[in-house]
Amino acid sequence: MADARGRVERVALPNGAVVLVVVDATVPTFAATLTVEAGSRYDPVGRSGLASLASSLLVEGEGAGEIAFRFEPLGASVDVATGYETTTLGAVGLGEHCADAVGLLAEMIRFRSPAVSIIRDARRRQLTEIAEEDNEPSLVCRREFFRLVFGGHPRGLPVEGDAVSLGRISRADVSEFMDTRWSPAGAVLAVSGDVEAPRVIDAACRAMESWKASDAAVSSVTPPPPRAFTGRRFVEMEREQAHVSLGGIGIARSDPLYHAAAVMDVILGDSAGFGSRLATRVREEEGLAYVIESDTAGTAGIDPGLFWAYTAASPDHVEQAVAGIVDEMRKMRSEPPTSHELESAVAYLSGRHALDRETNDARAAALVRMERYGLGLDYGDRYASLVRAVTRGDVLALARRVIDPDDYSIVAVGPASTGLFD
Amino acid sequence: MSRVPTPIEVTLPNGLVVLVLRRDHAPIVATTLLYGAGSLHEPDGHTGLAHLMEHMMFRGTPAYPQGEIDSLTGRLGGVNNAVTTTDYAAYYFVLPSEHWRVPLEIEADRMAACPIDVESFETERRVALEERKMFQDDPEAMLDETVDRLALERHPYRHPVVGLREDIERMTFGDLRAFYESHYVPNNAVLAVAGDIDEDQVVAEAGRLFGTIEAGALAPIPSHAEPPQTSPRHAEIQHGAAPPQAVLAYHTPSATHDDAPAVELLATLLGVGRTCRLYKRFVAGDGVASEISATRLFQKEPGLFYIAGTLHPGADLEQFEGDVMRVLEELAREPVPRDELAKATEQIRTDHELGRETCLGLAGALAFWETLGGWQLEREFETGLANVTGEDVARVVETYFAPDTRSVAWLTPVDE
């Protein structure tokens, strides 16, 4: 086998930022991501949506938005994404433009003092996007499930906020968030592609060396509740299908059973593999639903995520589909998976790990995760052995921790005839 | 200059085209087997047949009982799936390259004999109906369906690929069997393989595995010439509490038409990035829209070009429609400045290169262009793109975007 990829170059800057570069000259392209610890986890009480609103200013309107416009004549594009933990600026383009692009990303993240009018326009766009999501039963189901499990903690609130919380956010709130959270401390710039590593590292270091952390105090983060708020919630929406999420609190990324969770996901309900227990039963054997999945590892992060299962089915099918899910949850925690299931899941994860890193974008994102979660830059090489070390007992122990078929939270969104909680 | 890579190309005596491309950046192989079996090929009144056939192809074969195709793929550390479009059904695998033979064996087996049984058919019909309901709950999907039906009076592109509920319910086991036998034949398929493989070995193995499958009698594609549209058409649907949305559809030529590169460039000038014309006009600053797009589908036959916008609540859809037409009029009147054209060309070039980062991207593109007439057409298309002038863009706008040929669908919230 040939491998065009070089080793990962890592440079730690005095201001706390880290630069990671890996060369891959297969195709003349690059991907670069600049990640800061500025997700909705850090939204102040009553100001949910602040992290998301602030980040949207990076690519819209005057100021940072104008910087973004300098990308496009190069054929490159830049985007921003805010999640629970982080805000990430990402750029993709042809490798020859990479050094310029990392300089622009570093310039953008230091944008401050947005005009009131830009905040107003961005808030309006965000409110329309929320209105669109309010009309999507699958998204409403997801949002309400997080809210039910995590209560009023930022983990339970939508990243984009809501009409009330966005209405409270002032220009001062946005400026303070930018000053305190868009900090080089913990920032990671990761690059993968057909680039000259020394040139990109030099450009990144020069662009970021004058980026200083604010003197303002960073507010502390309250950890999420240790136990889920169990209960049930029904949201009526006149639609063809009922959407159901059920489960409870999962595990953190640092949990020793994280890789057991990845294995259990494949066996029970990974959406990528139709051969999971849930898909085999609910979709292939009973024909009740098109979408049926469960996940634990996907939401594991700094804080514990969820164990949850999701399906969408006609109101006259949904009760049987949910009964099937709960029955499979019970089996998952009553006895360990078979050796065959374990071996298959381990082989799948090992192979998939390599397949999922075929693009520059995916490799850059993987580098960021390795750095942020302290996995080590050789994590990709060690991954297969880590999942191979998972035992049937580990999967059972994990299932018994996160799955409780007699005490779970459940949200259903659908027509009045859903009848799930009658 | 186009960077489309050159594969090894072999046509087996039974008509199967095999394209093989070595890419050794990583120990990965991707295969795409593409059949000319999309919604375009469905008999009248049988929408959803091509899509349901795709579901059935995962229901097992003599050598791979139900569940085994997915299970084996997973055990080997790979993924597989399929997609049905208006023009084709494509089946793909991505695996560690040491297992390159496996997808060929599976595909040959299910091309030779997909033992469709009545019980599996009924189960998959129920699943397909659930998928149809999922679409019905999606306001954007319903808006797209509405504008397709409005703009196209005869052509099968007017039907949703997933099928209409009543057609899925009416479909018989015999319909499915007949569709399989007349479309899932080697002379209606293209196999593309890209990855860390030995090309000669792959070609030889493809010949061994597929060579014994007999060519079939292909059902002719019925002629569905769409009559010219001479006056604007309008429709309005209501769906939940969604913000107002509008889609304008115009008739544009097929992917292989001489004007296709200029139309593609137009889509980029209008709708890609934050410096494109529609974003600057409708979204930036205090614009009326939160999102806007311009989309041209690469299709075998003449189809539609869509301009779609999601407006802020309370915005005037009629005003938006008029303003979009004014943007188009300006493009017809004044040739696009050279730097704007260069930007759009560079954006497309970058996009194509990004698509070549994966083995699946390479295999998929080879198979797709081959079904349009030859994998080399992508090269011609890229060369054509590089030669498009501002005058060309103005000409295609004038030719294909006359106000009277538009079809417009609005989405408004359900009345309180």
Interchain or long-range residues, amide H under 5 Å from A:Val291's placed H | A:Ala312
Going residue by residue through segment B:205-211, the Karplus relation 6.51 cos²θ - 1.76 cosθ + 1.60 with θ = phi - 60° gives ³J(HN,Hα) values, rounded to whole Hz and with x marking Gly or Pro, of 5, 4, x, 5, 7, 9, x
Kirkwood calc, segment A:232-414, C-alpha pairs only, radius in angstrom 17.1
Sparse-neighbour loop sites [GluC sites (Glu not before Pro); segment B:159-231; at most 10 other C-beta within 10 Å; DSSP] | B:Glu214
Step through the residues of segment A:291-301 one at a time and calculate ³J(HN,Hα) from phi using the Karplus curve (6.51 cos²θ - 1.76 cosθ + 1.60, θ = phi - 60°), rounding each to whole Hz and writing x for Gly and Pro.
-> 10, 8, 7, 9, 7, 10, 5, x, 9, 6, x
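If exposed trypsin sites (Lys or Arg not before Pro) are those in a DSSP loop with at most 14 other Cβ within 10 Å, what is the longest stretch of chain B that has none?
Numbers: sites that count: B:Arg3, B:Arg154.
Here the longest segment lacking exposed loop sites spans B:155-416.
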Distant-in-sequence amide H partners of A:Ala252 (H built 1.01 Å from N, under 5 Å) | A:Gly305
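For segment B:54-183, what mean projected area does the convex hull of the alpha carbons give, in nm²?
9.1
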For segment B:1-108, the dipole about the Cα centre with charges only on Cβ (Lys and Arg +1, Asp and Glu -1), to the nearest 20 debye, works out at 340
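Placing +1 at every Lys and Arg Cβ and -1 at every Asp and Glu Cβ, with all other atoms neutral, what dipole size does segment A:195-261 have around its Cα centre, in debye to the nearest 20?
The dipole of segment A:195-261 has a size of about 220 debye.
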Where only alpha carbons of the protein assembly as shown are counted, the Rg and the Dmax (Å) = 26.5, 77
Within segment A:2-208, percent of DSSP bridges classed antiparallel, to nearest 5 | 80
Segment B:282-333 and segment A:28-52 have their Cα centres apart by a whole-number Å value of 30
For the protein assembly as shown, give the percent of accessible area contributed by carbon and sulfur heavy atoms, probe 1.4 Å, rounded to a whole number.
-> 51
Placing each pseudo-label 7 Å from Cα in the direction of the beta carbon, B:Thr172 and B:Ser254 end up separated by a distance in nanometres of 3.2
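How high is the relative contact order of chain A? Use alpha-carbon pairs under 8 Å, at least six apart in sequence, and give a whole percent.
Worked out over chain A, it gives 21 percent.
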Any idea how far apart B:Arg154 and B:His234 come out in nm if each label point goes 7 Å out from Cα toward Cβ?
-> 2.8
Note, A:Glu335: beta-carbon cut-off 13 Å, +1 each Lys/Arg, -1 each Asp/Glu, net +4
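Using only C-alpha positions, report the orientation-averaged shadow area of the convex hull of segment A:2-208, nm², one decimal.
If you wrap the Cα atoms of segment A:2-208 in a convex hull and average its projections, you get 12.6 nm².
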Per residue of B:27-37, what is the mean number of Cβ atoms on other protein chains within 10 angstrom of that residue's Cβ?
-> 1
Over all directions, what mean area does the Cα convex hull of segment B:298-343 project, stated in square nanometres?
-> 5.3
For all pairs of alpha-carbon atoms in segment A:84-202, what percent lies in each bin of width 5 Å, listed from the first bin to the last filled one?
-> 2, 9, 14, 16, 16, 14, 13, 9, 5, 1
In Å, the Kirkwood hydrodynamic radius of chain A over pairs of distinct alpha carbons?
-> 22.9
Express in % the proportion of alpha carbon pairs of segment A:354-411 at distances exceeding 13 Å.
-> 73
What fraction of the DSSP beta bridges in segment B:8-210 is antiparallel, stated in percent and rounded to the nearest 5?
-> 80
At what distance in angstrom do the alpha carbon centres of segment B:61-76 and segment A:272-350 lie from each other?
-> 19
Any idea of the total accessible area buried by the B-A contact, 1.4 Å probe, rounded to 100 Å²?
-> 5300
State, as an integer percentage, the relative contact order of chain B based on alpha-carbon contacts under 8 Å between residues 6 or more apart.
-> 24
Rounded to whole angstroms and listed largest first, the alpha-carbon spread of segment B:186-338 along its three principal axes comes to 63, 39, 38
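Taking every pair of Cα atoms in segment B:14-66, average 1/r, invert it to obtain the Kirkwood radius, and report Rg/Rh to two decimals.
Result for segment B:14-66 is an Rg/Rh of 1.09.
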Hey, what do the phi angles of segment A:168-175 turn into as Karplus ³J(HN,Hα) couplings, whole Hz, using 6.51/-1.76/1.60 and θ = phi - 60°, x for Gly and Pro?
-> 7, 6, 9, 4, 5, 4, 5, 4
Could you pull out every one of the aspartates and glutamates with an alpha carbon less than 14 Å from that of B:Lys343, ignoring same-chain neighbours closer than 8 positions?
-> A:Glu72, B:Glu264, B:Asp351
What do the square roots of 5 times the Cα gyration tensor eigenvalues come to for chain B, in whole Å, largest first, as semi-axes of the equivalent ellipsoid?
-> 38, 27, 19
FRET efficiency for B:Asp24 and B:Thr383, Cβ-Cβ distance as r, R0 = 30 Å, nearest 0.05?
-> 0.65
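The values are calculated or read from the model by the stated rules, or taken from the named source; none is laboratory data. Keep in mind that what you see is a predicted model, and the values were worked out from it rather than measured. With ideal geometry, Cβ positions are generated from the backbone for all residues, glycine too; neighbour counts draw on all protein chains shown. Surface areas here come from the heavy atoms of the whole protein model, side chains and all, with no ligands, DNA or RNA. Shrake-Rupley method; radii C 1.70, N 1.55, O 1.52, S 1.80 Å.
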